[in-house]
Amino acid sequence: GPYRTEAQAFARTTLAGSGESGRVDGVGTLAEFNAPRGVAFSPDATFLAVSCGERTVPGATDLGATGLRLVHAASGNVSTLAGGQAAGFDDGVGTAATFRYPGGVAYSPDGAHIAVADQYNHAVRLVRVATGEVSTLAGTGAAGTVDGAGADGVAGDPSSPQPTFKEPVGVAWSPHGVIAVSEYEGHRVRLITLN
């Protein structure tokens, strides 16, 4: 027939993580993750960004440490880029920044930034890779309530309604500077256009 099947062998290896729950930086299986949720390759495939969102009790909304880790793809070296402390909604640099159950992550086309869907902060956060500086790109920290989802607007513009989200969980960054955001509780896909 016109279709042919071939047996393919796929190698499965552990790049990083001991298999035990924890927040230890290190190389390969010496590192520990607690509830890794989102993962994305950098544009040059040198690094993996991994979001971690720890629940202190299974099924509960109480959260422990949440943050963004980087894994060097060749060596398996794991380092904390931002967050990693108790959950919160603080912009800042490195571990001074906090998240609340971060989910999807996406690199900018130039690899300089990582967008993070900060689910329980109802926001999209931006992390500068070189410094670990975290800023809030859009969202107020409170769940949007317009028609059960978020309101559209221009973030930071006092003459515009501020955009809100309702549990964003996924992000994708286009080559043309547009970030798509999936809202779990908002039942929508939203677009953020960057200037």
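Length gained on full extension, Asp157 to Arg12: 47.4 nm, using 0.36 nm per residue less the C-alpha separation.
Close amide-amide hydrogen proximity is noted between Gly104 and Ala117, Gly170, Val171, each under 5 Å apart and 5 or more residues distant or on a separate chain (H modeled in the peptide plane; Pro and chain starts excluded). Across the stretch 159-168, coupling constants 3J(HN,Hα) worked out from phi with the 6.51/-1.76/1.60 Karplus curve, θ = phi - 60°, read 8, 10, x, 7, x, 10, 10, 10, 6, x Hz, and Gly and Pro carry x.
If R0 is 30 Å, the Cβ-Cβ spacing of Leu194 and Thr46 corresponds to a FRET efficiency of close to 0.80. Only protein atoms count toward the accessible area here, which uses a 1.4 Å probe; on the chain, the carbon and sulfur part of that area reaches 53 percent. In summary, the convex hull built on the alpha carbon positions of the chain has an orientation-averaged projected area of 14.3 nm². Expressed as a fraction of 2.2 N^0.38 Å, the C-alpha radius of gyration for the stretch 73-151 is 1.15.
What FRET efficiency, computed as 1/(1 + (r/R0)^6) with R0 = 35 Å and r the Cβ-Cβ distance, is obtained for Ser75 and Thr131, rounded to the nearest 0.05? Don't skip to the answer; put the middle values down first.
Numbers: r = 22 Å, r/R0 = 0.62.
The calculated FRET efficiency here is 0.95.
Quote to one decimal, in nm, the extra length available between Asp91 and Val39 on full extension: 0.36 nm per residue of separation minus the C-alpha distance between them.
16.6 nm
Extents of the stretch 103-195, largest first, come to 37, 28, 23 Å (Cα atoms, principal axes, whole angstrom). The relative contact order of the chain comes to 12 percent, based on Cα pairs under 8 Å that sit 6 or more residues apart. Residues whose amide H comes within less than 5 Å of that of Phe47, counting only those at least five positions distant or on another chain, are Ser42, Ala73 (H built at 1.01 Å from N in the peptide plane).
Shown in residue order for the stretch 132-139 are the 3J(HN,Hα) couplings computed by the Karplus curve 6.51 cos²θ - 1.76 cosθ + 1.60 at θ = phi - 60°: x, 6, 10, 10, 8, 7, 7, x Hz (x for Gly and Pro). For the pair Thr145 and Ser21, a Förster radius of 45 Å applied to the C-beta separation gives a FRET efficiency near 0.85, rounded to the nearest 0.05.
For the stretch 128-178, what is the per residue volume of the convex hull drawn over the alpha-carbon atoms, in cubic angstrom? Intermediate results must be reported in sequence, preceding the final value.
Numbers: hull volume 6.2 nm³, N = 51.
That works out to 122 Å³ per residue.
The values are calculated or read from the model by the stated rules, or taken from the named source; none is laboratory data. Note that this is a predicted model, so its numbers are computed, not measured. Reconstructed Cβ throughout: ideal geometry from the backbone, glycine too, with neighbour counts over all protein chains shown. Just so you know, the surface numbers come from the protein's heavy atoms only, side chains and all, with ligands and any DNA or RNA stripped out. Shrake-Rupley method; radii C 1.70, N 1.55, O 1.52, S 1.80 Å.
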